[in-house]
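To keep things clear, I will list the structure first and then write my remarks on it.
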Amino acid sequence: MRRAPAFWAGLLCVMGGLSWTSCATLSEPETALDSACHFPAGTSLPGLTAGPDGPALLFTEVSGDTVAVRWAKWSATGWQDTVTIATGTDVLVNWADRPGLAFDGAGGGHAHWLVMDPRGDFCYGIETAHSQDGGRTWSAPDRPHRDTAVAEHGFGQWMVGGDGALFAWLDGRHFDGHPNPAKAPMEVRAARWTAAKGWSKETVLDSSACTCCPLATAPAGAAHLLTYRDRTAEEIRDFSEVLVGSDSAGMAALQTGPAPIGADGWQVAGCPVNGSALAAGTERTLAVWFTNAGDVPRIRSAWRTDGGAWSAITDLQQHQAVGRVAAAVDGRGHFHAAWMERIDEKPRLMGQCWNPQGNALLPAPVVLQEVDDARAGGFPTMTGLAGPGVMLAWTTTGKEAHVRSATWTPSP
């Protein structure tokens, strides 16, 4: 495909939340959600994060051959002030490898998306843009990776705080020209961006990781916790952690790790496309992930203390686990997690919550919403509200796929 130019501008598209999205109180059976908003047909790949004034939602919208990467902010009347960050005919819409957005709390915003590489199949790069005014206007695009390999670069995760931002991704440059691509190593790489210097040189955090499971990050003091599905020579694909920070030269730096989160022992000669999720509180961090070790599909959770020790693992699933996990902390310090299961062969989004001490607040996980576990349904996403509860978003499939969001305020 020919690489087409993308166009960036400031506030290209501003719409009131109720005039563009339809929001209503839910009255559907088998749901614990409070209210829901429907985005237009053609929207997908939602990504929720903490915005300058509350929840912020990044998503893609397809119109003909053109894909737009946009974000909107949440208010009492719905999603408002939609801003287009990038558009192009080469923007890649990938059900698992989603665009990302992060705000640093000081007016800085950072976004990334994927751009197809016309030189080969399944090849694409990462483009990023930055805002200095809370996301109203965005810079011209740049790239965190500087290689010219015909390969995949994706599954990026922002780590914000302090000056600039850190960014980690899966890097497949060693697949280019490898005599046996099945044995080629997928690396976890990171780089640091600052307004003064742009992107730093790249740092390899792990030289062999699973090829297409989403990464997850959470703040960890002055550093950032990064989790990813690892890969050993024996094809054990369990999750590992690293702590990432910045060194004196202004580069991303590996501070500790890699180290395992849990020893599931899942041996699989292929990527399950099922990542982990993290949610950081003041004293502990929740990790949630999927495994099929021993051909038993499970949703697992564990707690990491500020000292770096991990608790025993707890299994959360009630029925047939599918995975696709999400996690967040609300303004009270309560933890929330969501994931997909199949109940009587019907896919459902499930949820559980915990108090700040890590004690479960619900007797058992509850059904949040009927969802689609086909690829078109994508991954659920979650961010905390300023008060009690969380905001969730997912893609509804059917005749016309579109993004849907809802709030969840558990009542234990």
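Worth pointing out:
- Filtered residues of region 172-227 (kept if crowded, with 18+ Cβ neighbours inside 10 Å and of a type in the set (Lys, Arg)): ARG173, ARG189, ARG192
- Residues in region 270-308 that are in contact (Cβ under 8 Å) with a residue 40 or more places away in the chain, in a loop (DSSP other than H, G, I, E, B) and either of a type in the set (A, V, I, L, M, F, W, C) or crowded, with 19+ Cβ neighbours inside 10 Å (or both): CYS271, VAL273, ASN274, GLY275, SER276, GLY281.
- Pairing residues of region 348-372 that are modelled with pLDDT of 95 or more with residues that are surrounded by fewer than 18 Cβ atoms within 10 Å (Cβ to Cβ) and hydroxyl-bearing (Ser, Thr, Tyr), at Cβ distances under 8 Å and at least 6 apart in sequence or on separate chains, gives PRO356/THR282; GLY358/SER311.
- Residue count for region 196-225, restricted to those that are in a strand (DSSP E or B), of a type in the set (Ser, Thr, Tyr) and in contact with a Ser or Thr (Cβ under 9 Å, 6 or more places away or on another chain): 2
- Qualifying residue in region 83-97 (condition: under 21 Å from ASP147 (Cβ atoms), of a type outside the set (Lys, Arg) and free of Cβ contacts under 8 Å to residues at least 60 places away in the same chain): yes
- Which listed residue, of SER311, SER301, is in contact with a Leu (Cβ under 8 Å, 6 or more places away or on another chain) and among the hydroxyl-bearing types (Ser, Thr, Tyr): SER301
- Looking only at residues in region 61-116 that are of a type in the set (Asp, Glu) and more than 21 Å from ALA168 (Cβ to Cβ), the one that is nearest to the chain's Cα centre (by Cα) is GLU61.
- Residue match in region 151-173 (condition: over 22 Å from PRO55 (Cβ atoms) and of a type in the set (S, T, N, Q)): no
- Candidates ALA68, ALA56, ALA72: the one that is among the hydrophobic types (A, V, I, L, M, F, W, C) and in contact (Cβ under 8 Å) with a residue 60 or more places away in the chain is ALA56.
- Restricting region 158-171 to residues that are free of Cβ contacts under 8 Å to residues at least 60 places away in the same chain and not in a strand (DSSP E or B), the residue that is surrounded by the most Cβ atoms within 10 Å (Cβ to Cβ): GLY164
- Single residue of region 392-405 satisfying the filter (small (Gly, Ala, Ser) and at pLDDT 95 or above) that is farthest from THR77 (Cα to Cα): ALA393
- Residue list for region 144-157, restricted to those being crowded, with 23+ Cβ neighbours inside 10 Å and either under 18 Å from LYS197 (Cβ atoms) or touching a His at 6+ places or on another chain (Cβ under 6 Å) (or both): PRO144, HIS153, GLY156
- Flag if GLY265 is in a loop (DSSP other than H, G, I, E, B), modelled with pLDDT under 95 and either of a type in the set (Phe, Trp, Tyr) or surrounded by fewer than 21 Cβ atoms within 10 Å (Cβ to Cβ) (or both): no
The values are calculated or read from the model by the stated rules, or taken from the named source; none is laboratory data. On a predicted model such as this, the values are computed, not experimentally measured, just so you know. FYI the Cβ positions are ideal-geometry reconstructions off the backbone, even for glycines, and counts take in every protein chain you see.
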